[in-house]
Amino acid sequence: MPERYLDDGYPSVDALLAGAVRRTKLSDFSGDDFVEGLEVLLDSLARDVPYEAADRAKAIELIRRRLDNRLRIEAWFKANPEVESAPIEAPVSIVGLPRTGTSALGNVMSRDPQFRCLRPWEQMQPCPPPRIEEEATDPRRIAYTAFVDRLLREEPEQAAMHLWDPEATMEDTEVLGLQFRAQQMTMPVFSYHAWWRGQDMRRTFTYHARVARLLQSSRPPNRWLFKAPHHKFHLDHMLDAYPDIRFIFTHRDPGKSVPSYASFVSSLYPAGVVASIGKARIGREVHKHLLSGMHAAMAARAKLGPERFFDVHHAEFVADPMGVLERIYAWLGLPLSDDTSAKFERWHAENASGAHGAHRYAAEDYGLSADAIRADYADYIRAFDIETPKARIGA
């Protein structure tokens, strides 16, 4: 029997849960602590987002997929209970403001076989966990590669905005989304974003580590490389799940990175939604969101201590990528082999800044001012000696 839709065009939580049970013929969601986030997300979709029917259907399908994945993950662990206690060795998370080089650094370090990367195609469908000897022909990988090829044909400007690499570590949106506590900037669910910023994410990251153990079970190694600018909102909440985690923190002039992110985010929304909401509203929401995240990150850094953090400035990485990588590896205490160095150099030669076109944006297009953004980030700029047009902000 099909799910019944409410007046707002979305199924109820109960209908969504029942539909997942019916589709998978499984019934154990591993607790119900994810339900609050699902309720908030549905409410925000209904109130905040003027989706047409086709895009509303895509949002519902995303929710259904995550519920189905929860059920399949729990069934997998019942069949493989020994994996629950498998070790995860010294993970690394690349964090910072978005558009500061997190993707470039994450993608290049993903070339190192010492790291286990969180690839997009495997987190969208974690079960069955990938097998290293079968990855080249894994239908999930093939489907994701085809999706990227189609996206870049239809929207070639996306190549200049983002590095779409099926083999590189990617934001853990789908893993956190299993708890319905992902940042979810792919949708303008502004009231959900506000709720998410204030959440205690400890139990979510415990579930996150559980999924990491599943994914590494047939595909070593177990030293995870995460890349997630949104981790900065809840850095200290990761420690229960990953007690020996360390953070590479990227930096760039927020007067550039914030409007760049507003431009990228708006490109992910349907054109009609952007027109309805307005770019100025999107810019304000993005600025408020990222500023809140930086305040949280600076407070967490003070609490956790400097030994967990390695700072990378965007201009430095662009000018001397191998020098920066050598210092990162020395800090991590990891060897950097000649073969891996050669892979890094090849990647950089093929993907240096501007290699895939120029991302053009202006702060004013999103109701923002680069000088006003820098003023709001003055404490951050001073604390990390961020390179900016200082004379213009009185610093």
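Any of 288/343; 227/279; 78/303; 256/303; 256/343 with alpha carbons more than 31 Å apart? Name them for me. It would help to have the intermediate numbers written out before the result.
Working: 288/343 38 Å; 227/279 27 Å; 78/303 37 Å; 256/303 28 Å; 256/343 29 Å.
From 288/343; 227/279; 78/303; 256/303; 256/343, over 31 Å: 288/343; 78/303.
With helices defined as uninterrupted DSSP H runs, which ones in the chain have an alpha carbon span along their own long axis of at least 18 Å and mean Kyte-Doolittle hydropathy of at least 0.0?
On the way: long enough: 35-48 (19 Å, 0.41); 53-79 (39 Å, -0.54); 139-154 (22 Å, -0.37); 202-216 (21 Å, -0.61); 254-268 (21 Å, 0.27); 279-304 (37 Å, -0.20); 338-351 (19 Å, -1.79).
Passing helices, by number: 35-48, 254-268.
Whats the longest run of the chain with zero GluC sites (Glu not before Pro) that are DSSP loop and have at most 12 other Cβ atoms within 10 Å? Present the calculation step by step, with values, prior to reporting the outcome.
On the way: sites that count: 52, 89.
Between the exposed loop sites, the longest stretch runs 90-395.
Listing 247, 384 from the residue with the fewest other Cβ atoms within 10 Å to the one with the most, what is the order? Can you show the working numbers first?
Details: 247 23, 384 15.
Listed from fewest to most nearby Cβ atoms, that is 384, 247.
What FRET efficiency comes out for residue 83 versus residue 364 if R0 is 45 angstrom and r is the Cβ-Cβ distance? Round to the nearest 0.05. It would help to have the intermediate numbers written out before the result.
Working: r = 52 Å, r/R0 = 1.15.
Rounded to the nearest 0.05, the efficiency is 0.30.
When the convex hull of the C-alpha atoms of the stretch 13-392 is computed, what volume per residue in Å³ does it have? Display every interim value, and only then the final one.
Values: hull volume 52.7 nm³, N = 380.
It is 139 Å³ per residue.
Express the Stokes-Einstein translational diffusion coefficient of the stretch 221-378 in µm² s⁻¹, to the nearest whole number, given a Kirkwood radius over alpha-carbon pairs, 4 °C and a viscosity of 1.567 mPa s. Present the calculation step by step, with values, prior to reporting the outcome.
On the way: Rh = 18.0 Å.
The diffusion coefficient I find is 72 µm²/s.
For the stretch 316-335, list residues with backbone N below 19 Å from a point placed 7 Å from the Cα of residue 342 toward its Cβ?
322-323, 326, 335
Can you work out the Karplus-derived ³J(HN,Hα) for every residue in the stretch 128-135? Use 6.51 cos²θ - 1.76 cosθ + 1.60 with θ = phi - 60°, whole Hz, and x for glycine or proline.
These are the phi-based 3J(HN,Hα) values: x, x, x, 10, 4, 6, 10, 5 Hz.
Using a Förster distance of 45 Å, how high is the FRET efficiency between residue 320 and residue 65, based on the Cβ-Cβ distance and rounded to 0.05? Please report the intermediate quantities before stating the final value.
Numbers: r = 42 Å, r/R0 = 0.93.
The value I calculate is 0.60.
Provide the gained length on full extension for the span residue 18 to residue 186, in nm with one decimal, where the gain is 0.36 nm per separating residue minus the Cα-Cα distance.
Working: separation 168, 0.36 × 168 = 60.48 nm, distance 2.59 nm.
This chain segment gains 57.9 nm when fully extended.
Which cross-chain or sequence-distant (5 or more) residues have an amide H under 5 Å from the amide H of residue 309, H modelled 1.01 Å from N in plane?
Placed amide hydrogens put 247 under 5 Å from residue 309.
Quick check: convex hull of the Cα atoms in the stretch 1-75, volume per residue, rounded to a whole Å³?
Details: hull volume 6.1 nm³, N = 75.
That works out to 82 Å³ per residue.
As an exercise, take the mean of 1/r over every pair of distinct alpha carbons in the stretch 186-236, invert it, and state the Kirkwood radius in angstroms.
On the way: mean 1/r = 0.0771 Å⁻¹.
For the stretch 186-236, the Kirkwood estimate is 13.0 Å.
If only Cα atoms are counted, what is the Rg of the stretch 67-200, and what is its Dmax, in Å?
Considering the stretch 67-200 through its Cα atoms, Rg and Dmax are 16.3, 46 Å.
Using only Cα positions of the stretch 166-206, each an equal point scatterer, no hydration layer, compute I(q)/I(0) via Debye at q = 0.16, 0.27, 0.28, 0.32 Å⁻¹ and quote the log10 values to two decimals.
-0.43, -0.99, -1.03, -1.18
Can you list residues from other chains, or at least 5 along the same chain, whose modelled amide H is less than 5 Å from the amide H of residue 116?
Long-range HN contacts for residue 116: 223, 224, 225.
Read-outs: derived from the displayed coordinates by stated rules, not from any lab. From a predicted model like this one, the values you see are computed outputs, not experimental measurements. Every residue, glycine as well, gets a Cβ built from its backbone with ideal geometry; the counts of neighbours run over all protein chains shown.
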